[in-house]
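Heads up: the structure comes next, in C-alpha cells.
The values are calculated or read from the model by the stated rules, or taken from the named source; none is laboratory data. These figures come from a predicted structure and were not determined experimentally. Using ideal geometry, Cβ is built from the backbone for each residue, glycine included, and neighbour counts are taken over all protein chains shown. Areas reflect the complete protein model, heavy atoms only, side chains present, ligands, DNA and RNA absent. Shrake-Rupley method; radii C 1.70, N 1.55, O 1.52, S 1.80 Å.
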Amino acid sequence: MARTPSFLAYVRRDVLLAYRRLGDTVAPLIFFTMVCTLVPLGLSPDPQRLSEIAPGIMWIMALLATLLSIERIFAFDFEDGSLEQLLIAPQLIALPVLAKIVAHWLVTGLPLTLLSPLLAMTLSLPTSAYPAMLLSLAIGSAYLSAVGAVGASLTVSLGRGGLLLPLLVVPLYMPIMIFGTATVFYAVDGLHWSGPLAAMGAMLCAALALCPLAAAAALRVTSA
Amino acid sequence: MVTEVKKWQWFYRLGSPRWFYEITGRWLPWLLCAASLLLASGLFWGLLVAPPDARQGNSFRIIYLHVPAAILALVGYYIMALAGAVGLIWRIKMSFMVMKSAAPIGAALTFIALFTGAVWGKPSWGTYWVWDARITSMLILLFLYLGVLALQRAFSSAEMAYRASAILALVGTINIPIIYKSVDWWHTLHQPATLKLTSASSIHIDMLQPLIVMICGFYVFYVVALCLFTRAEIIRREATSAWVRALVSNESSR
Amino acid sequence: MNIQFASFNEILAMGGHGLYVWVAVTVSVAVLAALLVVPWQSHTRALNQVRLRLERHAGGSAEEGVD
C-alpha cells in the first residue's frame, strides 16, 4: 500500500508540473504586462492621469490574468486521470485541493505580485504606495486562487475554452477587488491602509478554510 | 419505531414529486387568485390612491414594484440555496427541482428591480444609472443568478447539473452578505450619499399600506411561479414513471 | 380612500412622470406574466411529449403496459 503523500509533496508536484509547462505558466504574466501597456495607449500617457487610475488598473489586470489561468488548476489532472485517482483515495481530498490552490498561487499570484512594481512604475504609481500594492496583491491573488478553484472544480468536466468559468467566478471576485484597490488608494492618499488590508486578510482566511471543502465536494459531483 | 416513521412521513412525502405535483395542482388555482387579487389591488392602491411624495411627486409610485421585486429577488436566492442544500444533504431530487426552478424566477425579479430602479432614477437623480451601493449589489446578484442558470444548462446529466448548481448557489449565499457589506463600504468611500430615495422609517403610513400589500402579493406570486416551474420540471424528469404515464392517459381518455 | 387623479388623462400623465411610471409598470407586469406563461408552456410541452411517446408505444409493442 502506497503511503499517502504529504501536503508539501502535493504542492511540490504541482509547482514542478507548472515549471514543465513553462509556456502556459508564463502566459498570464505576459498577458498582465501587455494589457497594462494598453492603458496608456487607450487612455492617455499623462503621468498625472495614469497615477490616478493605476491602482484600479493593476488590480483589474491581475484579476483577469488569474482568471486566464485558473481553469488549469484541475484541467490537466482531469485529463490525465490523476484527479480520478485522487477522488478514489480514502482520504480527505480537501487537503490536496488546498495544496493545488497554494501551488496555483505560487506560480501565478506570487509572480504577478513580484512583477507589479515594474508595471506600477510605468503607470506612475507613487512609490509610497508600493508596500500597500504588494501586500494587497499578494493576499488578494491568494483569495482569487482559492475562490477560483471552486469555479474550476464545478466546470472541470465541461471541457476547456468555455466562458462559463469567468461567468461563475467574477461576481465572487468583486468584494476582494473592492478592498484590494481601496488598500492601494488609501496608501496613495497617505491614509492608514491597514483597515482594508485586514478585511482582505480575514476574507482570505475564510476562503482558505471553506473553498477547499466546497471545491472537493464539487469535484466529487462533477468528475465522478 | 412506528412513531418515528410517522414523524418523518411528511418529510418523505414532501420529497415525492408525485405528491408535490398533486398537492400543488389543487392549490394553484387558489394561490393564483390570491396573487392576482393582491397585486391588482396593491397596484391600484399604490398607483392611484396613495398620496404623491412631497419631493418626488408621482415618480415615487415605482416603489410599489421596485421594492417588492428587490426583496423577493434576494429572498429567492436564499430559497434557491436552501433547496439546494436540502437536496445535497438528504439527497432529495424534489428539492433540486425546486432549486432549479427558483433560478429563472430570481433572475427575472432581479431584472425587474434593476429596470424599475433605473427608470425611477431618471426623474429623481436625472440619470438612469448611478453606481449606487444598492443598485450595484443588485447587479451583482443578477450576475450570481446568471451564473447558476448558465451552470445548470451546461451539463448534459441532469443529476450533475442539480448538484453542481446547488454547490454554486451555496457558495453564492455565503458571498452575498460579503458583497453587500463591501459594496456598501465602497460606496461611502467614493462618493457621499446622493439623494436618498426613501428610508423605510420615514415613509408615510398611507404610502406604506399599499407597499405591504404589494410585498405580500409578490410573495404569493413567487410561490405560484415556483410551483409552475417545478411542475414542468417534474413532468420532464419523471416522464418515464408510471404515474406520469397514467396521468397523461387519463387526461387523454377524458 | 380617494383616487388622487381627476381624469384618465391625469392618470396617464402622473404629474409629468407618466412615461417613467407606466414604462416601469408595463415592463414589470410583462416580465411577471412571462414567469407564468413560460413554465405553463413548458409544462404542456412536456405532457405532450409523454403523450406522443405513449401513443407511439401503443401502436408498437403490447408489452409496454407491464410496469
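Each Lys or Arg adds one and each Asp or Glu subtracts one; over the other residues with Cβ under 13 Å from the Cβ of A:LEU125, this totals -1.
Report, as an integer, the average count of C-beta atoms from other chains found within 10 Å of each Cβ along C:34-41.
The mean count of partner-chain Cβ atoms within 10 Å per residue comes to 6.
Database remark: amide H of B:GLY57 closer than 5 angstrom to no amide H (H placed geometrically; neighbours at sequence offset of 5 or more, or on other chains; Pro and chain starts carry no H). Rounded to whole numbers, the Karplus 3J(HN,Hα) couplings from phi for the range A:83-88 are 5, 5, 4, 4, 6, 7 Hz, using 6.51 cos²θ - 1.76 cosθ + 1.60 with θ = phi - 60°, and x at Gly and Pro.
Max-minus-min Cα coordinates of the range B:62-239 on each principal axis give 52, 35, 24 Å, with the largest extent listed first.
Suppose accessible area is computed on protein heavy atoms with a 1.4 Å probe; arrange A:LEU38, A:LEU17, C:LEU32 from highest to lowest.
Numbers: A:LEU38 105, A:LEU17 55, C:LEU32 15 Å².
My answer, sorted largest first, is A:LEU38, A:LEU17, C:LEU32.
For the range A:175-183, putting each phi into the Karplus relation 6.51 cos²θ - 1.76 cosθ + 1.60 with θ = phi - 60° gives couplings of x, 5, 5, 4, 6, x, 5, 4, 4 Hz, in residue order, rounded to whole numbers and with x for Gly and Pro. Extent of the range A:7-222 along its three principal axes (Cα atoms, max minus min coordinate, largest first): 57, 33, 29 Å. Surface calculation, 1.4 Å probe, protein heavy atoms: B:ARG61 sits at approximately 0 Å² accessible. Separation of the range A:64-84 and the range A:192-211, taken as the distance between their Cα centroids, equals 25 angstrom. Heavy-atom accessible area for A:ILE53, with the other protein chains in place and a 1.4 Å probe, reaches approximately 60 Å². For A:PHE31 and C:VAL37, a Förster radius of 56 Å and the Cβ-Cβ distance give a FRET efficiency of 0.80, rounded to the nearest 0.05.
In this structure, B:LEU189 and B:GLU159 have a Cβ-Cβ separation that, at R0 = 56 Å, corresponds to a calculated FRET efficiency of about 0.80. Of the residues A:SER136, A:SER194, A:SER153, the one that moves most in a GNM of chain A with alpha-carbon contacts below 10 Å is A:SER194. Toward the positive end of the charge dipole of the range B:62-239, about the Cα centre and with charges on Cβ (Lys, Arg +1; Asp, Glu -1), which of B:HIS204, B:GLY84, B:HIS187 goes farthest? Of the options given, the answer is B:GLY84.
Summarising the label geometry, the points placed 7 Å from Cα in the beta-carbon direction at A:ARG20 and B:ALA40 lie 7.1 nm from one another.
A Förster radius of 25 Å combined with the Cβ-Cβ distance from A:ASP189 to B:LEU208 puts the calculated FRET efficiency at roughly 0.05.
The modelled label-to-label distance between B:VAL75 and B:ILE23, using points 7 Å beyond Cα along the C-beta direction, is 1.9 nm.
Gyration tensor over the Cα atoms of the protein assembly as shown: the corresponding equivalent ellipsoid has semi-axes (square roots of 5 times the eigenvalues, largest first) of 43, 38, 18 Å.
Ranked from largest to smallest solvent-accessible area, with a 1.4 Å probe on the protein heavy atoms, C:HIS17, B:HIS187 come out as C:HIS17, B:HIS187. Computed from backbone phi, the HN-Hα couplings of the range A:203-209 come to 5, 5, 4, 4, 5, 5, 7 Hz, rounded to whole numbers (Karplus: 6.51 cos²θ - 1.76 cosθ + 1.60, θ = phi - 60°; Gly and Pro given as x). Each part reduced to its alpha carbon centroid, the range C:1-53 and the range B:111-126 end up 18 Å apart. Maximal additional length on extending the C:THR26-C:ALA13 stretch stands at 3.2 nm, based on 0.36 nm per residue less the C-alpha distance. Panel values: the range C:8-60, Kirkwood radius from alpha carbon pairs, Stokes-Einstein at 25 °C and 0.890 mPa s, translational diffusion coefficient 171 µm²/s.
When peptides B:139-148, B:156-165, B:27-36 are ranked by their average number of other Cβ atoms within 10 Å per residue, the highest-first order is B:139-148, B:156-165, B:27-36.
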